[in-house]
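The values are calculated or read from the model by the stated rules, or taken from the named source; none is laboratory data. Predicted model only: the values in this text are computed from it and were never measured. All Cβ positions, even for glycine, are placed from backbone atoms using ideal geometry, and neighbour counts span all protein chains on display. Protein only, heavy atoms only, side chains kept; ligands, DNA and RNA dropped before computing areas. Shrake-Rupley method; radii C 1.70, N 1.55, O 1.52, S 1.80 Å.
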Amino acid sequence: MRSVRTATAALAVAALSLPLLAAAPHSEARHDRLREAAPDGFYVGTAVAGGGHHLSQPYPDPFTSDKEYRKILARQFSSVSPENQMKWDFIHPERDRYDFAAADAIVDFAERNRQVVRGHTLLWHSQNPEWLEQGNFSKEELRAILREHITTVVGRYAGRIQQWDVANEIFDDQGRLRTQDNIWIRELGPGIVADAFRWAHAADPEAKLFFNDYNVESVNAKSDAYHALVQDLLKRGVPVHGFSVQAHLSTRYGFPGDLESNLRRFDALGLETAVTELDVRMDVPEGGVPTAEQEAKQADYYRRTLAACLAVDGCDSFTIWGFTDKYSWVPVFFEGEGFANVMTDEFARKPAFYALRDTLKAARGR
């Protein structure tokens, strides 16, 4: 895709100056679908809402109960990521019991709608079940638990998952391994990360295996730590295939202008790259309605993130972390911030949606 995308990179950048359209109801037209606007081989995805904070909210499970949500999910996106439904506490709630129902439903839905799936996630310090975090396991037992979990989960979906976030958020913002709050690294040492990639690859040799983290959009201590680790793992023949930036952004802060160059240095290592969890939160204004200026800035951040990915030949997977504010995680975790997604609670399209659509069309050359 290099020839098409490189030739149209200037168009995508130039689109930054185009006037933004006001929010509008959801359209049924094919030309207004993100997946149809995207270049061939470029996947536009979203997280599938469910589990996690949704369990404490005053609404039923979004994916299974909201018909309009599912309709838009199917029509707009060519890739889906379970938001919480494949995390340890959801899929492995007891040591000897797995619960695959929610994850199975998402994978089945994706296949019916010609979508690929990003698996999320296998080794993480957060959202682990109590039986795991509070268990009194020997190192040998803990290692066997992780290996069995990865083999079971990845093996169940072998041939059905395009990419896996194998190791999630293993460094802190200073570029230091999480040796205290990550149970796997704390108890088993840094070498367990390489083992996780090896076990995942053995369970599904066709899946692409990724590191995934937040605050790694720029060249900084944290992304430097990943860059060094990846080089070491590749020299040792560990099957690492990709590096992804989550891109949970906020208009409180400047846009990471070196995002493209950062992705390029991982691409130079032979890795695929991806944007996996993009949202752009903003300060909730008095009265609870964003201003036109706020929405324009948000759209600019969405557009520039997509343009950076499109400009890097190996960045072919671009995922937003939910598409409607109705089910966003942001207000639950960031007091005073919200409105982070590309559609309103009522599924009306914001300027950010059109920023993505038009940038995709420019990259496609139409």
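A few points about this structure:
- The set of residues in the range 258-284 being in contact (Cβ under 8 Å) with a residue 12 or more places away in the chain, at negative phi and among the small types (Gly, Ala, Ser) consists of SER261, ALA274.
- Residue, farthest from the chain's Cα centre (by Cα), within the range 348-366, restricted to residues that are of a type in the set (D, E, K, R) and open to solvent by 20 Å² or more (accessible area, probe 1.4 Å): ARG366
- Any hit, the range 240-255, residues being open to solvent by less than 10 Å² (accessible area, probe 1.4 Å) and in contact with a Gly (Cβ under 9 Å, 6 or more places away or on another chain): yes
- Only listed residue being under 30 Å from ASP224 (Cβ atoms), touching a helix residue (DSSP H, G or I) at 6+ places or on another chain (Cβ under 8 Å) and touching a residue at least 12 places away in the same chain (Cβ under 8 Å), chosen from ILE145, ILE161: ILE161
- Matching residues, the range 189-222, being more than 27 Å from GLU260 (Cβ to Cβ), touching a residue at least 24 places away in the same chain (Cβ under 8 Å) and not hydrophobic (A, V, I, L, M, F, W, C): ASP195, ARG198, HIS201, ASP204, GLU206
- Within the set ASP316, ASP300, the sole residue that is touching a residue at least 60 places away in the same chain (Cβ under 8 Å) and within 17 Å of GLY254 (Cα to Cα) turns out to be ASP300.
- Scope the range 172-188; condition in contact (Cβ under 8 Å) with a residue 12 or more places away in the chain and among the β-branched types (Val, Ile, Thr); matching residues: ILE183, ILE185
- The single residue among ASP316, ASP279 that is in contact with a strand residue (DSSP E or B) (Cβ under 7 Å, 6 or more places away or on another chain), acidic (Asp, Glu) and open to solvent by less than 10 Å² (accessible area, probe 1.4 Å) turns out to be ASP279.
- Number of positions in the range 144-173 that are open to solvent by 50 Å² or more (accessible area, probe 1.4 Å) and charged (D, E, K, R): 5
- Residue tally, condition under 26 Å from LYS208 (Cβ atoms) and open to solvent by 40 Å² or more (accessible area, probe 1.4 Å), over the range 127-143: 2
- Single match in ARG95, ARG112, ARG75, ARG35 (criterion: of a type in the set (D, E, K, R) and farther than 30 Å from LYS361 by Cβ): ARG95
- Wholly enclosed helices (runs of 4 or more DSSP H) of the range 182-249 bearing at least 2 residues at pLDDT 95 or above and of a type in the set (Asp, Glu): 221-235
- Residue in the range 72-82 that is in contact with a Ser or Thr (Cβ under 9 Å, 6 or more places away or on another chain), without any contact (Cβ under 8 Å) to a residue 40 or more places away in the chain and under 18 Å from GLU277 (Cα atoms) present: yes
- Taking the listed residues ASP325, ASP345, the one that is modelled with pLDDT of 95 or more, of a type in the set (Asp, Glu) and surrounded by 17 or more Cβ atoms within 10 Å (Cβ to Cβ) is ASP325, with no other qualifying.
- Residue match in the range 160-172 (condition: over 20 Å from the mean Cα position of the chain (by Cα) and at pLDDT 95 or above): no
- Looking only at the range 198-211, and only at residues there that are more than 19 Å from THR179 (Cβ to Cβ) and open to solvent by less than 10 Å² (accessible area, probe 1.4 Å), the one that is farthest from the chain's Cα centre (by Cα): ASP204
- Within the range 47-81, the set of residues being in a loop (DSSP other than H, G, I, E, B), over 15 Å from the mean Cα position of the chain (by Cα) and polar (S, T, N, Q) comprises GLN57 only.
- Within the range 284-313, the set of residues being surrounded by 19 or more Cβ atoms within 10 Å (Cβ to Cβ) and basic (Lys, Arg) comprises ARG303, ARG304.
- Any hit, the range 92-110, residues being within 30 Å of TYR354 (Cβ to Cβ) and open to solvent by 10 Å² or more (accessible area, probe 1.4 Å): yes
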